[in-house]
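The next block holds one structure in the form of structure tokens; read it before the comments.
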Amino acid sequence: MKTALRQLRKLVETFPATTLRLTVAGNNYEKECILVEIMNIPSIGPRLVLAADADPGDGQFDIIIVTVDQRQELISYIDGLLNGTDVEFKIIPIRASRLAMEWEGKEIHIDDERKSYFGQQLKLTLLEGIVEIIPGNK
């Protein structure tokens, strides 16, 4: 785990920000981000608890957005995990059962698979028992 956390820390330090456009519950967001996670469980990867209150049965996504201005908060969280201290991820998720998003990146990661991304808008809907992801046109 520590090796994965060290590599993640290096990546977080240098990863270039990408513009994210997100629509949730009629609200539009446009932010320069280094990390976006659409979660339905509390943790990802090497024990990163990014959405401590996430409940897979509540019908809500926990949308974690780490902006370029919050880079140090994520680094501090990873450092706490590396040092074995009791740390809490402090960025509050946005909760919603559906959203639309697009960004300037070239890949997305869905569960354990990397997929090519070509700038299309993605619409995510959490349905009872399944997650539906529909790529659309801009």
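Is any residue of the stretch 1-26 close enough, with backbone N under 18 Å, to a label point placed 7 angstrom from the Cα of ILE75 along the Cα-Cβ axis, and if so, which?
Only 5-18 pass the distance filter.
Taking all protein chains as present, what is the carbon and sulfur share of the accessible area of the stretch 13-138, in % to the nearest whole number, probe 1.4 Å?
After summing per-atom areas, the C and S share lands at 47 percent.
Determine how large the accessible area of THR18 is when every protein chain is in place; take a 1.4 Å probe and give Å² rounded to the nearest 10.
30
Note the angle between two axes, namely the Cα long axis of helix 2-14 and the longest principal axis of the Cα atoms of the chain, as a number of degrees from 0 to 90, rounded to the nearest 10.
70
On a straight-distance basis, which lysines could pair with LYS115 in a cross-link, Cα separation under 17 angstrom, same-chain partners fewer than 8 positions away excluded?
Filter leaves LYS106, LYS123.
Which net charge results for the neighbourhood of HIS109, defined as the other residues with beta-carbon distances under 11 angstrom from its beta-carbon, given Lys and Arg at +1 and Asp and Glu at -1?
Overall, the nearby charge balance is -3.
On a straight-distance basis, which aspartates and glutamates could pair with LYS2 in a cross-link, Cα separation under 16 angstrom, same-chain partners fewer than 8 positions away excluded?
ASP79, ASP86
Please label the shape of the stretch 1-83 as rounded, prolate or oblate, based on the square roots a ≥ b ≥ c of the eigenvalues of the alpha-carbon gyration tensor (a/c under 1.5 means rounded; beyond that, a/b larger than b/c means prolate, else oblate).
Note, shape of the stretch 1-83 comes out oblate.
Calculate, for the stretch 6-138, the solvent-accessible area per residue in square angstrom, rolling a 1.4 angstrom probe over the heavy atoms of the protein chains.
63
How big is the accessible area of MET1 in square angstrom, nearest 10, if you roll a 1.4 angstrom probe over the protein chains?
120
So how much accessible area does LYS123 have, in Å² to the nearest 10, using a 1.4 Å probe?
Number for this one is 110 Å².
Taking all protein chains together and a probe of 1.4 Å, list GLU37, GLU13, GLU30 from the most accessible to the least accessible.
My answer, sorted largest first, is GLU30, GLU13, GLU37.
For the Cα atoms of the chain, what angle does the longest principal axis make with the long axis of helix 71-83, in degrees from 0 to 90, nearest 10?
Compared with the principal axis, the helix lies near 50 degrees.
Multiplying the sequence separation of LYS106 and LEU82 by 0.36 nm and subtracting their Cα-Cα distance, what value in nm do you get?
Computed gain between LYS106 and LEU82 is 5.7 nm.
Between ASN40 and ILE91, with labels modelled 7 Å along Cα→Cβ, what's the label distance in nm to one decimal, could you check?
Output for this residue pair reads 2.2 nm.
Keeping every protein chain in place, order VAL12, VAL49 by accessible area at 1.4 Å, biggest value first, i.e. largest first.
Result of the area sort, largest leading: VAL49, VAL12.
Restricting attention to the stretch 6-57, which trypsin sites (Lys or Arg not before Pro) occupy a DSSP loop and are surrounded by at most 16 other Cβ atoms within 10 Å?
ARG47
The values are calculated or read from the model by the stated rules, or taken from the named source; none is laboratory data. All values reported here derive from a predicted model rather than from experimental measurement. Glycine gets a Cβ as well: all are built from the backbone with ideal geometry, and neighbour counts include every protein chain shown. With ligands, DNA and RNA removed, areas are computed over all heavy atoms of the protein, side chains included. Shrake-Rupley method; radii C 1.70, N 1.55, O 1.52, S 1.80 Å.
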